[in-house]
Amino acid sequence: MTAFARALTGCLVVGSLLAGCQSQTRLADGEPLPINTNDPATVYLELATSYMAQGQPGAALVNARKAVAVDPGNAEAFIIQGMAQATLGHNEDAEKSYREAIRKAPDDAYATNAYGTFLCGQRRYDEAVAQFDAAVASSRNLEPWVAITNSALCLSDQGNKSAAETRFRKALQTNTRFGPALLGLARLHYGSREYEQARTYVNRYFEASSPDPESLWLAYQIERALGNSKAAKSYALMLKSRYPDAPQTYRLMGL
């Protein structure tokens, strides 16, 4: 898998890539294939990924379908297509796309991890965890802590806190600074009213990752629970100043 799709990031702009392109080959919708690359599927895949990162699943789906059209063997294109379809609520189509991606690349950890995430969102927890475990077991998976953490998050959603904690800790054994696993443990301990332990993990998170709305909100709640009003106020001010439009900020302000 290419790095841009694995991270779902990208900075490509449609105009800069396709403006002025002319080609004798056209897709079903009449749009020409780009001629500024020997691999048009890569262009469409990058565009689809960029649109997903920008919160535009409709545009992402259009470009993912084009990537599939020009390279039907590209598992990555089916994964991004599935992500866009799931975001749009087209769950049956999304599942078909994920299954097709795995059929084309059965040992691809990115594909099984993406499908597991979809299944967990559908509350098909046992199936989801099986996919995450398959991702961890893949010989091609260089970042097993991602799928381990995803399985922990899914188990937590299911209400299996003990199993979730075990997996969060396993993820941290493979990557001690993996933010989502640290924050996951902080949440678990906060939910169990183990506030000192929760503080330890959220502080470790801040050492490994930049504060975001979710972590600042959790840190604020932890300090309030510990009766540390000064620290709670500090996190509240940071949340409001850095992320004034975040949902967590609205909750903080009672809006």
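So that you can scan it fast, the table gives a plain yes or no per residue for (1) among the charged types (D, E, K, R); (2) in a helix (DSSP H, G or I); (3) under 23 Å from ILE80 (Cβ atoms):
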| position | (1), (2), (3) |
| --- | --- |
| ALA114 | no, yes, yes |
| PHE118 | no, yes, yes |
| ARG167 | yes, yes, no |
| LEU172 | no, yes, no |
| ARG177 | yes, no, no |
| LEU183 | no, yes, no |
Checking the conditions here, which among ARG177, ARG124, ARG167, ARG187 is more than 26 Å from TYR201 (Cα to Cα) and of a type outside the set (Ser, Thr, Tyr)?
ARG124
Answer yes or no as to whether ALA163 is assigned to a helix (DSSP H, G or I) and surrounded by fewer than 18 Cβ atoms within 10 Å (Cβ to Cβ).
yes
If we ask which residues in segment 137-160 are loosely packed, with under 15 Cβ neighbours inside 10 Å and closer than 14 Å to TYR110 by Cα, their number turns out to be 4
For segment 99-142 the number of residues that are of a type in the set (Phe, Trp, Tyr) and more than 15 Å from the chain's Cα centre (by Cα) is 1
Looking at the structure I just gave you, is PHE206 modelled with pLDDT of 95 or more, among the aromatic types (Phe, Trp, Tyr) and assigned by TED's automatic domain parsing to the domain that holds GLU127?
no
If LEU153 meets every condition in (1) in a helix (DSSP H, G or I); (2) on the phi > 0 side of the Ramachandran plot; (3) of a type outside the set (Gly, Ala, Ser) apart from one, which number is that one?
(2)
For segment 190-255, which helices (runs of 4 or more DSSP H) that fit wholly inside it have 2 or more residues that are closer than 24 Å to ARG169 by Cβ and without any contact (Cβ under 8 Å) to a residue 24 or more places away in the chain?
195-208
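Would a scan of segment 234-245 turn up a residue that is within 30 Å of ALA128 (Cα to Cα) and either charged (D, E, K, R) or surrounded by fewer than 20 Cβ atoms within 10 Å (Cβ to Cβ) (or both)?
No, segment 234-245 contains no residue that is within 30 Å of ALA128 (Cα to Cα) and either charged (D, E, K, R) or surrounded by fewer than 20 Cβ atoms within 10 Å (Cβ to Cβ) (or both).
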Hey, ARG177 hits all of (1) of a type in the set (D, E, K, R); (2) under 20 Å from ALA164 (Cα atoms); (3) over 26 Å from the mean Cα position of the chain (by Cα) but one; which does it fall short on?
(3)
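The values are calculated or read from the model by the stated rules, or taken from the named source; none is laboratory data. Note that the coordinates shown come from a computational prediction; the quantities given were computed from them, not determined experimentally. Don't worry about glycine lacking a Cβ; one is built from the backbone with ideal geometry, like all the others, and counts go over all protein chains shown.
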